[in-house]
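Bear in mind these aren't lab numbers, they're just calculated from the coordinates by the rules spelled out. It should be emphasised that the depicted structure is a prediction, and the values quoted were computed from it without experimental measurement. Here the Cβ is made from the backbone with ideal geometry for all residues, glycine too, and neighbour counts use every protein chain on show.
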Amino acid sequence: MTEAYAPPARALSRALIAVSILLMLTASLLTLQQLKPLSALQRLALSVRGPQSPDPAPASPFAQWPVSPFFLHAASVAEADRATRCLTDAIYYEAGDQSVEGQRAVAQVVVNRVRDSNFPKSVCGVVYEGWRRKTGCQFSFACDGSIHRRPANTALWERMRPLAVAALSGYVVPEVGAATHYYASYVKPNWLSSVAAVTQIGQHIFCAWKGHAGLPSALTAAYRGGERKVADMALDGDRPRLVKSGSRRRVETVIWLASSGRSARA
């Protein structure tokens with residue numbers, strides 16, 4: 001009887017090692033394919049912040065799904081007008097130098113926050129959040145005095161208004177998805193570890209919360225209104241006060257503030 005051939009132990013060991021290496025390479029390739037939400041342009045933009053800046057992890061692909069349209073259900077025309085002005089401020093000061101797409105994207109983030117349980121439930125509440133503090137405002141212009149001065153470019157501010165109206169009337173920026181944060185590509189926010197990158201538009205990188213909180217399905221908080229109350233507190237009252245100053249520019253500022261329903265601090 002002929003005995004069955006038994007391969008040497010060394011050859012068998014080498015074969016097993018080769019198979020293991022092949023399996024490891026296959027797993028690595030699959031992992032790389034899964035981590036692909038960021039485009040090459042986005043990775044390049046993120047890299048300019050330097051090696052000391054931790055890149056946010058890619059968001060779930062579901063975070064990039066378009067959110068449902070938002071329709072402002074204000075209690076009155078005055079409330080709706082105040083919400084529109086608050087959102088116009090955010091677009092003007094945060095993205096006035098960006099493309100229209102980038103400006104709409106910033107408006108989308110504000111609207112997303114209104115529907116996120118982690119933020120105030122009004123447009124003005126989101127825009128002016130933290131206004132009582134010298135530092136810590138969600139939007140820096142709410143703390144640096146900008147909201148109490150005439151915009152440097154009032155014509156540009158007026159051009160932002162239709163974008164605000166559109167965002168409060170159902171306009172959606174699909175690429176932004178459920179993003180509730182954004183930052184300029186050349187800075188390193190201290191909250192990067194809590195969010196995941198969704199997309200980049202212009203200089204702004206938009207991010208959503210990690211996990212389920214960053215999905216469109218999580219944006220379910222109800223709008224509560226109260227726009228005028230929040231804005232009046234942030235703007236130091238609805239009536240403009242007389243400012244004793246011989247400066248012509250200061251007088252023009254007070255006139256513009258009065259015509260726009262804002263107030264001027266003495």
Checklist entry - Where does the charge balance sit around Gly202 when Lys and Arg score +1, Asp and Glu -1, over other residues with C-beta under 10 Å from its C-beta? => result -2
Checklist entry - Taking the Cβ-Cβ separation of Thr220 and Arg132 as r and a Förster radius of 30 Å, what is the calculated FRET efficiency to the nearest 0.05? => result 0.60
Item to check | Histogram of C-alpha separations across region 62-235, 10 Å bin width, % | outcome: 11, 41, 39, 9, 0
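Can you order the peptides 104-115, 80-91 by their average number of other Cβ atoms within 10 Å per residue, highest first? Walk me through the intermediate numbers first.
Working: 104-115: 25.4, 80-91: 23.8.
For the peptides 104-115, 80-91, the packing ranking is 104-115, 80-91.
How do Trp131, Trp157 line up, fewest other C-beta atoms within 10 Å first? Spell out each step's value before the answer.
Numbers: Trp131 23, Trp157 20.
Placing the least packed residue first, the sequence is Trp157, Trp131.
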Checklist entry - Which ³J(HN,Hα) values, rounded to whole Hz and listed in residue order, are derived for region 210-216 from phi using the Karplus coefficients 6.51, -1.76 and 1.60 in 6.51 cos²θ - 1.76 cosθ + 1.60 with θ = phi - 60°, glycine and proline given as x? => result 6, x, 4, 5, x, 9, x
Checklist outcome for this item: Going from the fewest other Cβ atoms within 10 Å to the most, one would list Val67, Val198 as Val67, Val198
Item to check | region 77-155 versus region 166-182: alpha-carbon centroid distance in Å | outcome: 14 Å
Checklist entry - Got a sec? How would His204, His73 order by Cβ neighbour count within 10 Å, fewest to most? => result His73, His204
Next on the checklist: Using the Kirkwood formula on the Cα atoms of region 163-206, what hydrodynamic radius do you get, in angstrom to one decimal?
Outcome noted: 11.7 Å
